[in-house]
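Worksheet: the structure to be examined is printed underneath.
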Amino acid sequence: MYVGVDYYPEHWPKDRWPIDADLMHKAGFNVVRMAEFAWVTMEPEEGRFDFAWLDEALNILAKRGIRAILGTPTGALPPWTLRKYPEIMAQKPDGQRLTWGMRKHNCFTSGVFRLLSERITRALAEHYKDHPAVLGWQTDNEIGGHPMCYCHSCRANFQDWCRNKYKTLAELNRAWGTHFWSQTFGDWSEIVPPDKFDEHNPHTCLDWKRFFSWLNVRFQKEQVDILRAVCPNHFITQNFMGLFSEINYYDLAEDLDFASWDNYPVGGKLDMANNYNAALAADITRGLKRKNFWIMEQTCGSHGWGTMSRNPRPGELRKISYQQLAHGADGQIWFRWRACTVGREQYWHGLLGHDAKPGRRYEEAARTAREYHLLDEHLANTTVRADVAILYDYETCWALQIQPAYEENKYHQVIARYYQALRRAGVSVDMIKPGQDLSPYKIVLAPDLYILPDTLARQLDAFVKTGGVLLADCRTAVKDETGLCHVRTLPGLLSDALGIRIEEYEALRGGVEYQVDGTAGLPGTFTAIHFADWIKPTTAQVLAGYKDWHMAPYAALTRNKHGQGGGFYLGTIVKEPSFYDALVRHLLDAAGITPEFTAPEGVEIAIREGAGKRILFLVNHTEQCQTVAVPSGKRDLLTNKTTGPSVDLPPYDVAVIRL
Ligand code: GAL
């Protein structure tokens with residue numbers, strides 16, 4: 001297993017490099033990621049390359065058995081690029097170019113930028129293709145987060161992209177509903193990139209977001225093509241940003257060998273929702289290529305650019321790592337080795353502080369690395385296997401940003417309500433791309449599936465008919481691929497599977513809430529917030545209804561039998577998390593799933609399996625001791641003891657048990 005750290009030798013005097021490498025070796029590290037922002041150090045002036053410093057650093061590391069992932073350095077532009085080619089900077093809608101001095105501020109349709117990016121990538125690849133210390137490549141860094149560019153070139157490229165997609169103007173005019181507000185185009189050159197997503201034509205906005213994502217993917221592909229041709233024996237990955245959603249990550253992952261991601265949970269709240277977000281991000285990343293992933297940047301200290309986050313508490317740095325291992329991480333790299341004395345990231349603390357003294361954080365990482373090496377043989381060829389999948393769709397996410405229908409309609413929050421309840425029940429979840437084969441799953445949740453193409457609706461219907469359990473909820477099936485409203489009573493083509501008819505609906509604003517009354521099947525009183533469908537069951541059974549006089553004829557939660565399977569529909573958002581726990585129990589029951597293990601609140605359960613092995617992870621996210629029932633007579637891989645009927649987990653501790 002590869003475990004290590006992000007290392008920037010160019011930030012430190014050379015006489016420090018062997019000391020750093022010794023300390024890394026002592027910690028059990030066998031990999032570093034390097035060079036992803038070192039463009040000016042590698043190409044100090046156009047076309048003149050200097051890799052001597054990197055050769056020297058790599059050789060020092062290699063002598064200690066440490067290998068490297070190299071980043072293509074295109075995330076930050078050297079000053080000479082701007083002096084010679086000012087047009088490479090992205091342009092704001094008002095015509096102003098961005099000010100140089102940050103990172104990620106280039107235009108992606110600039111031919112010059114693309115050539116410069118290809119040239120440094122090729123030079124690096126040629127130089128390191130046979131270097132024994134180089135393991136693989138990271139393209140750029142955290143692709144996405146660039147400002148959208150509104151220059152003439154981007155506008156013309158968008159027009160071409162539209163022409164390629166729609167072929168005829170008549171088709172584009174239909175798909176964008178341009179007879180509204182007098183927008184019918186008579187020529188491709190009339191198309192203007194939108195910049196106000198809450199005011200401009202929503203169909204244009206959706207395609208502009210698709211175009212922007214496509215530009216980023218094309219940029220990466222240009223680098224990947226070079227790396228594949230020159231370095232056929234190296235792997236290629238990219239460090240994704242978990243829940244970040246501006247880029248269609250399925251597309252971005254397509255050209256890579258595996259996905260990686262950057263995990264910074266201590267920047268969030270000290271609560272379980274935040275811990276579950278890190279789990280959700282891990283499951284999303286695993287879903288991108290349906291295989292295990294790496295952590296390319298793992299939290300190891302207090303961090304921030306101007307103000308700081310809290311510091312990981314004793315044991316927490318190790319716990320954060322184990323959570324990712326449990327969700328399918330096969331390699332892990334801490335960000336960063338040492339807090340930098342210069343530049344914008346001086347407060348982004350590494351395993352070492354500014355003073356370079358190995359202390360608590362270094363020791364905890366070293367302990368984790370040593371343990372990872374012991375676990376290596378047990379984890380080889382294992383991954384998470386799930387009976388439950390959640391459809392995760394970037395295009396729906398963008399469409400909801402453009403027209404959320406109710407203010408609080410944040411795609412990830414909607415997903416998180418179900419995801420957290422599933423995880424509380426000890427159930428593993430796959431996050432899957434719409435259209436993916438559903439046959440491995442017993443339950444599919446399709447939260448907030450606002451954009452519902454007919455093909456996907458038919459696939460979901462067939463999934464239920466043949467025995468699957470589907471959950472859908474409010475705003476499902478409202479629109480087609482280009483964002484035109486379906487001319488069907490909701491939930492459209494899912495009406496048979498769900499056995500309901502949605503007669504009307506509304507956003508609940510100004511403090512309006514409804515009382516949800518559960519039936520005997522789901523007892524309790526709950527609170528409907530944010531949105532309510534006015535649902536009439538056709539064939540479905542009502543699991544919860546409304547108390548308020550005008551809502552009394554309508555259902556809040558329904559369950560339908562359709563063919564061999566079942567369709568559940570929740571027509572509102574419920575304030576109480578316990579409601580989602582009850583709903584998940586219903587889904588599991590309908591699918592005949594009994595979770596194998598249960599744990600107290602705050603302890604995560606995960607299983608990796610494969611090659612005849614099953615490994616149970618227990619991760620205590622709390623600062624209290626927790627006791628978890630486990631099967632007796634199994635091997636606890638971290639203590640090397642045989643398990644009794646339960647294990648005790650001190651604060652932030654973990655257990656890894658071979659079942
Ligand atoms: C990450 C990024 C790193 C570093 C870190 C701290 O998002 O990938 O390069 O900048 O943030 O700002």
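Brief remarks on what is shown
- Count of segment 222-244 residues which are under 30 Å from residue 299 (Cβ atoms) and part of a helix (DSSP H, G or I): 3
- Only one of 365, 369 that is touching a Gly at 6+ places or on another chain (Cβ under 6 Å), in a helix (DSSP H, G or I) and either away from the ligand (no atom under 16 Å from the Cβ) or of a type in the set (Ser, Thr, Tyr) (or both): 369
- Enumeration of residues in segment 395-418 that are under 13 Å from the mean Cα position of the chain (by Cα) and either among the hydrophobic types (A, V, I, L, M, F, W, C) or surrounded by fewer than 21 Cβ atoms within 10 Å (Cβ to Cβ) (or both): 397, 412, 415, 416
- The test for being surrounded by 16 or more Cβ atoms within 10 Å (Cβ to Cβ) and out of contact with any helix residue (DSSP H, G or I) (no Cβ under 6 Å at 6 or more places or on another chain) holds for residue 331.
- Between 68, 57, 76, the distinction of being assigned to a helix (DSSP H, G or I), of a type outside the set (Asp, Glu) and within 23 Å of residue 298 (Cβ to Cβ) belongs to 57 only.
- Scanning segment 639-659 for residues that are free of Cβ contacts under 8 Å to residues at least 24 places away in the same chain, surrounded by 19 or more Cβ atoms within 10 Å (Cβ to Cβ) and on the phi > 0 side of the Ramachandran plot yields a count of 0.
- Near pairs, Cβ below 8 angstrom, 6+ apart or cross-chain, from segment 1-18 (away from the ligand (no atom under 16 Å from the Cβ)) to any residue that is small (Gly, Ala, Ser) and not in a strand (DSSP E or B): 3/28; 3/369; 16/356; 17/57
- Flag for residue 60 being closer than 24 Å to residue 332 by Cβ and either more than 29 Å from the chain's Cα centre (by Cα) or polar (S, T, N, Q) (or both): yes
- Single residue of 315, 267, 328, 304 found to be within 15 Å of the ligand (Cβ to nearest atom), of a type outside the set (D, E, K, R) and at positive phi: 304
- In segment 426-461, the residue that is surrounded by the fewest Cβ atoms within 10 Å (Cβ to Cβ) out of those that are small (Gly, Ala, Ser) and more than 15 Å from residue 389 (Cβ to Cβ) is 426.
- Selection status of residue 483, under 25 Å from the mean Cα position of the chain (by Cα) and either of a type in the set (Gly, Ala, Ser) or part of a helix (DSSP H, G or I) (or both): yes
- The residue that is nearest to residue 36 (Cα to Cα), among those in segment 132-149 that are touching a helix residue (DSSP H, G or I) at 6+ places or on another chain (Cβ under 9 Å), within 16 Å of the ligand (Cβ to nearest atom) and assigned to a loop (DSSP other than H, G, I, E, B), is 140.
- Selection within segment 238-247: residues that are more than 8 Å from the chain's Cα centre (by Cα) and buried (at least 23 other Cβ atoms within 10 Å of the Cβ). The member of this set that is farthest from the ligand (Cβ to nearest atom) is 247.
- All of 253, 281 fail the test of being within 16 Å of the ligand (Cβ to nearest atom) and touching a Leu at 6+ places or on another chain (Cβ under 6 Å), apart from 281.
- For the condition over 30 Å from residue 330 (Cα atoms), surrounded by 19 or more Cβ atoms within 10 Å (Cβ to Cβ), modelled with pLDDT of 95 or more and not polar (S, T, N, Q), residue 231 does not qualify.
- Where strands (runs of 3 or more DSSP E) fall entirely within segment 505-585, those with at least 1 residues that are over 34 Å from the mean Cα position of the chain (by Cα) are at 514-518, 525-537, 541-546.
- Any chance residue 631 is modelled with pLDDT of 95 or more, within 27 Å of the chain's Cα centre (by Cα) and on the phi < 0 side of the Ramachandran plot: no
- Picking from residues in segment 19-48 that are within 16 Å of the ligand (Cβ to nearest atom) and small (Gly, Ala, Ser), the one that is surrounded by the most Cβ atoms within 10 Å (Cβ to Cβ) is 35.
The values are calculated or read from the model by the stated rules, or taken from the named source; none is laboratory data. Just so we're clear, the structure is a prediction, and the values are computed from it rather than from any experiment. Ideal geometry is used to build each Cβ from the backbone, glycine not excepted, and the neighbour counts take in all protein chains shown.
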